[in-house]
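Student: My questions will all concern the structure given below.
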Amino acid sequence: MKPGSKSFYRLTKPLLFLAGLAPLGYIALCAFNIAGLTLGANPIEELLHQLGLWGLKFLLLTLAVTPVRRWTGWRWLVRYRRMLGLFAFFYVLLHFLTYAVLDQGLDAAAILEDIAKRPYITLGMTGLLLLVPLAATSTRGMMRRLGGRWQKLHRLVYAIAVLGVWHFYWQVKLDTLQPLVYAAILAVLLSTRMYYRRRGR
Amino acid sequence: MLIKRTVDVPESRVTPESVYLKRRDFMKMTALAGAVALTSGRVLAGGKVLVAESAEAGTRKLEGVVAGPFSTDQAPNSWTDITTYNNYYEFGTAKDDPVRNAVDFKPQPWTVTVGGECAKPGTYHYEDLVSPYKLEERIYRLRCVEAWSMVIPWVGIPLASLLKRFEPAANARFVQFKTLYDPSRMPGQRRRILDWPYREGLTIAEAMHPLTMMAVGVYGRVLPNQNGAPMRLVVPWKYGFKSIKAITEINFVERRPRTSWSMAAPSEYGFYANVNPKVDHPRWSQARERVIGANIFAPKKPTLMFNGYADQVASLYSGLDLRKNY
């Protein structure tokens, strides 16, 4: 089967879709204490942490598509980028819903106060809000309708990734190792894009 | 090391473990709770495997424990919650790191060096420090600065009893405490995440307060390693980081000692660290707390001033601006 052919995508896209849902499946197993798995003594904190991490991971994967494509020459990778980006939005949305529903009990006043008073939440909310137009314009129809403006709009993903990592960095109590690792990966991805831009596409 | 203790109070006076567990189980009404985990092995979401943690397979039972004062009538958290969710960076920074990484830690033999402004400084063995006293059980609330809380049935002795022995001098205005520093035994100390050894301190009044205790056990059993074995402070009206674990040094000092968390982030953690819903952490609110073990759909509980011990301790701070002296 030739990579990039219709039958290739017909096989691999559903597989990628299942792979994208797998983290949620694992989290669900933990949540329902199946097979000795557990979210631990503070399940809401663990849910927030895992969902947020997967949102970031999918964001970084989305940003990695173009650099990897350029480096390997595998043009067929690009067709997965939308799905990866939508999974990022999916996990970030679940992360936000866990916060709003489970952590804050849909207390609108408390949530608004958090957004206003806690800078790391201000950043996180901004990142989530910016993801919305990207998710809404992810269809091919929208790509056609927006034309060149689509490209410009979707460049927001760089800012969103920065906001996400920064939100994570400002949220940790003291051990900044994990957010710094994500920041380093993001820095590599962003700088390879700048490198290719300078070289000319 | 077994401490032979004369049983001066019948075991029947001590609330049986099964009663704790029933009260706690009753409160767990959601599939997300870990009540069943008391007797099953657990794999935490990071994919790591826990040894089966059951109260029955826990540490050795302590003899002659009497009911102490100041206990809350709130139901204690489960053994599993108390022993698998710990902030103890000496064994790693994740909540489930200490239970896994402190397995091989040997808390005995243990010595504590006492020094500073006192008449009886010296190096004391654990047995010499603890065996003269009746072990008391006190069920205290513990409120972490991260805005979660538990109810824990500690076993120990009033810190005042312990400290009086050393005859602190008149100019001993503070008591400084230090944790063991040994990266070969405490793998988390191989990273300078905190400026090891862990340091804490109390004013002499706080240290001598009847509420303050030196805990050597929990749930009627010897303190598990991940909870700060063999001995740790419990200062229930302050944020949990004040309750320093694995104490090897006690010094009576004239000037306020530096404390680890305020060294790490001075704008976020202070010396007093009194639980205070009106004074937020710079990055999050302290007005409410997540109750560990409660139904996950239950709202966060409003945090109480001095963690609900205001009647006992508020007078220590009359006239002190608690916003400035956080």
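Student: Hey, if you put +1 on the Cβ of every Lys and Arg and -1 on every Asp and Glu Cβ in the protein assembly as shown, which of B:A215, B:L142, A:A64 ends up farthest toward the positive end of that dipole?
Tutor: Of the candidates, A:A64 comes out farthest on the positive side.
Student: What is the distance in Å between the Cα centroid of the range B:117-132 and that of the range B:61-77?
Tutor: Each part's Cα centre sits 25 Å from the other's.
Student: Run the numbers on chain A and let me know its relative contact order in percent, using alpha-carbon pairs under 8 Å that are six or more apart. Working shown, then result.
Tutor: Values: 159 pairs, mean separation 36.5, N = 201.
18 percent.
Student: Return the single residue from A:L56, A:L123, A:L146 with maximal mean-square fluctuation; model: Gaussian network over chain A, springs between Cα atoms under 10 Å.
Tutor: Between A:L56, A:L123, A:L146, it is A:L146 that shows the largest mean-square fluctuation.
Student: I need the phi-derived Karplus couplings for the range B:244-252: 6.51 cos²θ - 1.76 cosθ + 1.60, θ = phi - 60°, integer Hz, Gly and Pro marked x.
Tutor: Residue by residue, the range B:244-252 yields 4, 9, 6, 6, 10, 9, 10, 10, 8 Hz.
Student: Please report, in debye to the nearest 20, how large the charge dipole of the protein assembly as shown is about its Cα centre when each Lys and Arg carries +1 at its beta carbon and each Asp and Glu carries -1 there.
Tutor: 3640
Student: With chain A treated as a Gaussian network of Cα nodes joined by springs under 10 Å, which of A:G52, A:G73, A:G127 yields the largest mean-square fluctuation?
Tutor: Judging by the Gaussian network model, the answer is A:G73.
Student: Hey, another quick one. First obtain the Kirkwood hydrodynamic radius of the range A:112-168 from its Cα pairs, then insert it into the Stokes-Einstein equation at 4 °C and 1.567 mPa s, and state the resulting D in µm² per second as a whole number.
Tutor: Result for D is 106 µm²/s.
Student: Kindly state, as a whole number, the per residue volume in cubic angstrom of the convex hull around the alpha carbon atoms of the range B:190-309.
Tutor: Convex hull volume per residue, Cα atoms: 151 Å³.
Student: Using Cα centres only, tell me the gap between the range B:288-320 and the range A:89-111 in whole Å.
Tutor: What the calculation gives is 24 Å, centre to centre.
Student: Fewest to most neighbouring Cβ within 10 Å: what's the order for B:D104, B:D195?
Tutor: Values: B:D104 8, B:D195 11.
Fewest to most other Cβ atoms nearby, the residues stand as B:D104, B:D195.
Student: What residue among A:T98, A:T122, A:T176 shows peak mean-square fluctuation when chain A is described by a Gaussian network model with Cα springs under 10 Å?
Tutor: A:T176
Student: If packing is taken as the mean number of other Cβ atoms within 10 Å per residue, what is the order of B:115-122, B:243-250, highest first? List each step's numbers first, then the result.
Tutor: Numbers: B:115-122: 15.4, B:243-250: 22.6.
Result, highest mean first: B:243-250, B:115-122.
Student: Taking amide hydrogens as modeled 1.01 Å from N in the peptide plane, which residues meet the under 5 Å criterion relative to B:W148, leaving out close sequence neighbours?
Tutor: Close amide H contacts, sequence-distant or interchain: B:R290.
Student: Which order results if B:R255, B:R199, A:R70 are arranged by neighbouring Cβ count within 10 Å, fewest first?
Tutor: Sorted ascending by nearby Cβ count, the order is B:R255, A:R70, B:R199.
Student: If you don't mind, there's one more thing I want to ask. Collect residues whose amide H, placed 1.01 Å from N in the peptide plane, falls under 5 Å from the amide H of B:M213; neighbours closer than 5 in sequence don't count.
Tutor: When sequence neighbours closer than 5 places are left aside, the close amide H contacts are B:L159, B:V234.
Student: Can you give the mean number of other chain Cβ atoms that lie within 10 Å of the Cβ atoms in peptide A:169-175?
Tutor: Mean shielding count: 5.
Student: Considering only the other residues whose Cβ falls under 13 Å of the Cβ of B:E254, what net charge follows from Lys and Arg at +1 and Asp and Glu at -1?
Tutor: +2
Student: 5 Å is the cut-off here: which amide hydrogens, built 1.01 Å from N in the peptide plane, fall below it relative to B:K238, excluding neighbours closer than 5 in sequence?
Tutor: B:V275
Student: Got a sec? How would A:V165, B:V279, A:V65, A:V132 order by Cβ neighbour count within 10 Å, fewest to most?
Tutor: A:V132, B:V279, A:V65, A:V165
Student: Quick one: check the C-alpha center-to-center distance for the range A:182-201 versus the range A:17-64, whole angstrom.
Tutor: After rounding, the separation between the Cα centres reads 28 Å.
Student: If you don't mind, another one. Ranking request for peptides B:90-98, B:183-191, B:312-320, B:267-275: highest mean number of other beta-carbon atoms within 10 Å first, then the rest in descending order.
Tutor: B:90-98, B:267-275, B:183-191, B:312-320
Student: Report the per residue volume, in Å³, of the convex hull enclosing the C-alpha atoms of the range A:6-199.
Tutor: 155
Student: What's the angle, to the nearest 10 degrees (0 to 90), between helix A:108-117's Cα axis and the longest principal axis of chain A?
Tutor: Helix A:108-117 sits roughly 70 degrees off the main axis of chain A.
Student: Lys and Arg at +1, Asp and Glu at -1: add these up for the other residues within a Cβ distance under 14 Å of B:F166 and post the number.
Tutor: Its environment carries a net charge of -1.
Any read-out appearing in this document is the output of simple, stated calculations on the displayed coordinates, not a laboratory observation. What you see is a predicted model, and the numbers here were worked out from it, not measured in a lab. Heads up, the Cβs are rebuilt from the backbone with ideal geometry, glycines too, and the neighbour counts pull from every protein chain shown.
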